[in-house]
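Beneath this line is the structure, given in structure tokens, with notes to follow.
The values are calculated or read from the model by the stated rules, or taken from the named source; none is laboratory data. Owing to the predicted nature of the structure, the values given are computational and were not obtained by experimental measurement. Positions of Cβ are backbone-derived with ideal geometry, glycine not excepted, and every protein chain shown enters the neighbour counts. Quick note on the areas: whole protein, heavy atoms, side chains included, nothing else; ligands and nucleic acids left out. Shrake-Rupley method; radii C 1.70, N 1.55, O 1.52, S 1.80 Å.
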Amino acid sequence: MKDNRIMLTGFMGSGKTSVATALARELNYPFLDTDKYIEEREGMSVADIFAKRGEAYFRTLEHQITFDLMKNFSAVISSGGGFILTDAVYQLAASKFNLVFLDTPFEVCLSRIKNDKSRPLAATRTDEELLKLYNYRRGIYRARSDFSVDGSKKLLSDVVDEIIHKLK
Ligand SMILES: Nc1ncnc2c1ncn2[C@@H]1O[C@H](COP(=O)(O)OP(=O)(O)O)[C@@H](O)[C@H]1O
Ligand SMILES: O=C(O)C1=C[C@@H](OP(=O)(O)O)[C@@H](O)[C@H](O)C1
Ligand SMILES: [Mg+2]
């Protein structure tokens with residue numbers, strides 16, 4: 001029952017939000033970004049939630065909203081970079097979504113997220129620390145996703161086309 005539900009996974013800056021937006025438009029499916037959904041629900045930015053309530057609280061919010069994501073039979077979801085790293089969240093997501101890993105090289109992700117204060121986990125780490133986190137997480141994204149797509153292509157439409165091709 002997961003045919004028409006697609007969730008993008010991957011590191012911060014891999015392009016999940018951008019690609020999911022374009023993919024939803026192309027397929028004419030509803031689009032939802034887990035970070036934006038949480039921000040609207042809490043009336044607070046992700047950065048403020050991390051600063052005022054802590055990461056653990058943010059992770060419980062990600063778990064809570066997972067059920068809401070499954071209401072539509074068709075949907076394209078961009079998850080936050082830590083979303084499917086929580087085991088219980090992953091189990092739920094994998095049961096209802098085609099999980100697509102945007103496998104974007106570290107240097108590309110880094111150039112996109114550097115100096116971006118809206119991503120608290122990136123803002124507080126050195127490049128070396130981010131590379132360690134990237135390498136650790138990449139294995140999990142790969143193992144937990146149904147297939148991978150290179151998210152470093154210039155044209156979003158090329159990434160979108162490859163995802164649609166691989167879903168068939
Ligand atoms: N294929 C792409 N080519 C060029 N820039 C991109 C591409 N995909 C994303 N970006 C840019 O990179 C930044 C991070 O992308 P975003 O979609 O927010 O990633 P994520 O949701 O995975 O963190 C944004 O500024 C976005 O405009
Ligand atoms: O990797 C992570 O743990 C996070 C990634 C962010 O989303 P993006 O991957 O869209 O930047 C956001 O959920 C939060 O800052 C934590
Ligand atoms: Mg995003």
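Taking S148 and the conditions (1) part of a helix (DSSP H, G or I); (2) closer than 27 Å to S95 by Cα, which numbered condition does it fall short on, given that it satisfies the others?
Tallying (1) part of a helix (DSSP H, G or I); (2) closer than 27 Å to S95 by Cα, S148 fails exactly one: (1).
Criterion first (touching a strand residue (DSSP E or B) at 6+ places or on another chain (Cβ under 9 Å), modelled with pLDDT of 95 or more and of a type outside the set (D, E, K, R)) does A47 satisfy it?
Details: touching a strand residue (DSSP E or B) at 6+ places or on another chain (Cβ under 9 Å): no; modelled with pLDDT of 95 or more: yes; of a type outside the set (D, E, K, R): yes.
So A47 does not fit the description; no.
Taking the condition within 12 Å of ligand 2 (Cβ to nearest atom), more than 15 Å from G10 (Cα to Cα) and either part of a loop (DSSP other than H, G, I, E, B) or open to solvent by 80 Å² or more (accessible area, probe 1.4 Å) (or both), does S111 pass? Before the answer, list the steps.
Details: within 12 Å of ligand 2 (Cβ to nearest atom): no; more than 15 Å from G10 (Cα to Cα): yes; either part of a loop (DSSP other than H, G, I, E, B) or open to solvent by 80 Å² or more (accessible area, probe 1.4 Å) (or both): yes.
Criteria not met by S111.
Under the condition of being at pLDDT below 95 and of a type in the set (A, V, I, L, M, F, W, C), which residue from the range 70-103 is nearest to D35 (Cα to Cα)?
Top of the filtered list is M70.
Condition test on L130, is it within 25 Å of D146 (Cα to Cα), away from ligand 1 (no atom under 12 Å from the Cβ), open to solvent by less than 40 Å² (accessible area, probe 1.4 Å) and not in a helix (DSSP H, G or I)?
Working: within 25 Å of D146 (Cα to Cα): yes; away from ligand 1 (no atom under 12 Å from the Cβ): yes; open to solvent by less than 40 Å² (accessible area, probe 1.4 Å): yes; not in a helix (DSSP H, G or I): no.
Considered against the rule, which asks whether it is within 25 Å of D146 (Cα to Cα), away from ligand 1 (no atom under 12 Å from the Cβ), open to solvent by less than 40 Å² (accessible area, probe 1.4 Å) and not in a helix (DSSP H, G or I), L130 comes out as no.
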